[in-house]
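Read the structure below first, then the notes.
The values are calculated or read from the model by the stated rules, or taken from the named source; none is laboratory data. No experiment lies behind these values; they were computed from the predicted model shown. Backbone-built Cβ (ideal geometry, glycine too); neighbour counts: all protein chains shown.
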Amino acid sequence: MLLVITLLAVSSMRETTLEARITANRLESKRLMGSAEAGLREGERRLSATIAPPETCGSIPCIQGIVTNYSTDFSSAHAYSGLKGNTSMNRNVHWYMKNINAGGANNEAEDPEYGAYAQGIGKYYYEINSQAYNAPSGTTSATTCTADVVCLRSVVARVYNK
């Protein structure tokens with residue numbers, strides 16, 4: 001009888017431990033999702049504060065190329081710092097932005113005026129990618145998107161009128 005009670009207690013402890021692990025994983029997943037969303041919001045807000053289309057990387061925000069496929073490349077992504085540049089997070093968060101050429105090579109479908117796109121006038125589309133992960137202390141660089149890394153993407157349209 002004592003053996004049966006002991007076995008029931010051990011199996012109950014295993015079940016409780018499993019439930020605690022599942023709950024902890026779910027909590028961490030939600031925290032990573034919130035952190036990645038914060039990275040997207042930072043990129044979107046920095047883009048909305050620009051007066052003219054951002055240049056290629058010199059200051060934040062900067063355009064890291066043109067979108068050619070669906071892959072992500074966080075090798076030169078910006079670390080999350082908030083809009084004022086002094087916010088830090090408990091997770092590693094990185095984001096970057098790319099230009100989406102819409103309406104053909106010269107944006108003729110979006111901006112029918114000849115040369116408007118080259119002058120920085122009209123509608124521009126940007127892809128913003130963000131990632132968040134929990135890494136060992138001391139690790140701050142961006143990484144590739146894997147099962148342990150939450151990666152999010154948004155597309156933003158911005159109209160510029162010089």
*Does THR72 meet the test of being assigned to a loop (DSSP other than H, G, I, E, B), out of contact with any helix residue (DSSP H, G or I) (no Cβ under 6 Å at 6 or more places or on another chain), surrounded by 15 or more Cβ atoms within 10 Å (Cβ to Cβ) and not aromatic (Phe, Trp, Tyr)?*
yes
*Taking the stretch 46-75 as the region of interest, how many residues are touching a Leu at 6+ places or on another chain (Cβ under 6 Å) and closer than 13 Å to VAL156 by Cα?*
0
*asked:* Being modelled with pLDDT under 80 and over 23 Å from the mean Cα position of the chain (by Cα): is that true of ALA102 here?
replied: no
*Please work out which residue is modelled with the lowest pLDDT, limiting yourself to the stretch 12-66 and to residues that are in a loop (DSSP other than H, G, I, E, B), loosely packed, with under 11 Cβ neighbours inside 10 Å and within 19 Å of the chain's Cα centre (by Cα).*
SER59
*Within the stretch 131-148, how many residues are over 22 Å from ARG26 (Cβ atoms) and at pLDDT 85 or above?*
0
*asked:* Can you list residue pairs whose Cβ atoms sit under 9 Å apart, with the first residue in the stretch 40-55 being closer than 19 Å to HIS94 by Cα and the second being of a type in the set (Gly, Ala, Ser) and in a loop (DSSP other than H, G, I, E, B)? Count only pairs 6 or more apart in sequence or on different chains.
replied: GLU42/SER81; GLU42/GLY82
